[in-house]
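The values are calculated or read from the model by the stated rules, or taken from the named source; none is laboratory data. Since the model is a prediction, treat every value here as computed from it, not as a measurement. Glycine gets a Cβ as well: all are built from the backbone with ideal geometry, and neighbour counts include every protein chain shown. These area figures cover heavy atoms from the full protein model, side chains too; ligands, DNA and RNA do not enter into them. Shrake-Rupley method; radii C 1.70, N 1.55, O 1.52, S 1.80 Å.
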Amino acid sequence: MTQQATKAILPIHRFSIDDYHQMGEADLFEGKRVELLEGQIIDMSPIKPKHAGAVAFLIHHLSRQLSDDYIVNAQNPIALSDHSEPEPDISVLRYRADFYQRSHPQPEDIHLLIEVADTSLEKDQKVKLPLYAAAGIPEVWIVNLPEQQLEQYTEPSTDGYRLIRIFRAGDTLERDWIGALEVGRLFGAS
């Protein structure tokens, strides 16, 4: 029996964010990197050096460019819905005095999400990106390490992002609020 046929016959339980947090408090995920997507608990890939370096570069760049109206958050949860609490590599959030200690950021708090993708590329493009668009996240970047390109997604709708731009080494992505980003630096080019 195929996986599709099994899904059609067997009902799947979707975990809520509250269920997920209770399981975490019970140490069911100890030593594991997981996130909640559409009610399913999904394993996260290990972080390799190229991935870590791209995240560190972006945090450095954004922290230097952004005003005090923003918070740069790394590899922390965001609450998209009752059944999805992904952990993007970087979130650029609206400033809040409690630094989101009382609750995880909601879609209206988010200016930009960045996913750095190596082995997670298919999940980031086909699963997480549609969730971000449906939640109305205004801008998402996928740093596509295998193809050495930055994919910029803007103009969210329920059908996905309407505008997609691709940047490669030698290109510069410019936004008024984050300055100019030399894309090649994400991939080790100086």
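Some notes on this structure:
- Qualifying residue in segment 67-81 (condition: in contact (Cβ under 8 Å) with a residue 24 or more places away in the chain, out of contact with any Lys or Arg (no Cβ under 9 Å at 6 or more places or on another chain) and farther than 21 Å from Asp124 by Cβ): yes
- Restricted to segment 25-84, and to residues there that are among the small types (Gly, Ala, Ser) and touching a Phe, Trp or Tyr at 6+ places or on another chain (Cβ under 8 Å), the residue that is farthest from Glu115 (Cα to Cα) is Ser67.
- When Tyr100, Tyr153, Tyr132 are screened for being among the hydroxyl-bearing types (Ser, Thr, Tyr), part of a loop (DSSP other than H, G, I, E, B) and at pLDDT 95 or above, only Tyr100 passes.
- Reported count of residues in segment 131-155, each being charged (D, E, K, R), on the phi > 0 side of the Ramachandran plot and open to solvent by less than 80 Å² (accessible area, probe 1.4 Å), is 0.
- Sole residue being among the aliphatic types (A, V, I, L, M), under 19 Å from Ile137 (Cβ atoms) and modelled with pLDDT under 95, chosen from Ile42, Ile78, Ile110, Ile9: Ile42
- For segment 64-73, the criterion of a residue being assigned to a helix (DSSP H, G or I), more than 25 Å from Gly24 (Cα to Cα) and open to solvent by 40 Å² or more (accessible area, probe 1.4 Å) is satisfied by at least one position.
- The set of residues in segment 156-171 that are open to solvent by 60 Å² or more (accessible area, probe 1.4 Å) and in a strand (DSSP E or B) comprises Arg162, Leu163, Ile164, Arg165, Ile166, Arg168.
- Those residues of segment 112-124 which are within 12 Å of the chain's Cα centre (by Cα) and outside any helix (DSSP H, G or I), in sequence order: Leu112, Leu113, Ile114, Glu115, Val116, Ala117, Ser120
- Residue match in segment 21-29 (condition: among the acidic types (Asp, Glu) and within 25 Å of Ala135 (Cα to Cα)): no
- The lone exception for Trp177 - which of (1) surrounded by fewer than 16 Cβ atoms within 10 Å (Cβ to Cβ); (2) not in a loop (DSSP other than H, G, I, E, B) it fails: (2)
- Any hit, segment 127-134, residues being of a type in the set (Ser, Thr, Tyr), under 15 Å from Ala79 (Cα atoms) and touching a residue at least 12 places away in the same chain (Cβ under 8 Å): yes
- Tally of residues being on the phi < 0 side of the Ramachandran plot and open to solvent by 60 Å² or more (accessible area, probe 1.4 Å) across segment 80-124: 12
- Number of positions in segment 30-42 that are closer than 19 Å to His83 by Cα, out of contact with any strand residue (DSSP E or B) (no Cβ under 6 Å at 6 or more places or on another chain) and either without any contact (Cβ under 8 Å) to a residue 12 or more places away in the chain or not in a loop (DSSP other than H, G, I, E, B) (or both): 1
- Of the residues Leu145, Leu121, the single one that is of a type in the set (A, V, I, L, M, F, W, C), closer than 21 Å to His51 by Cα and at pLDDT below 95 is Leu121.
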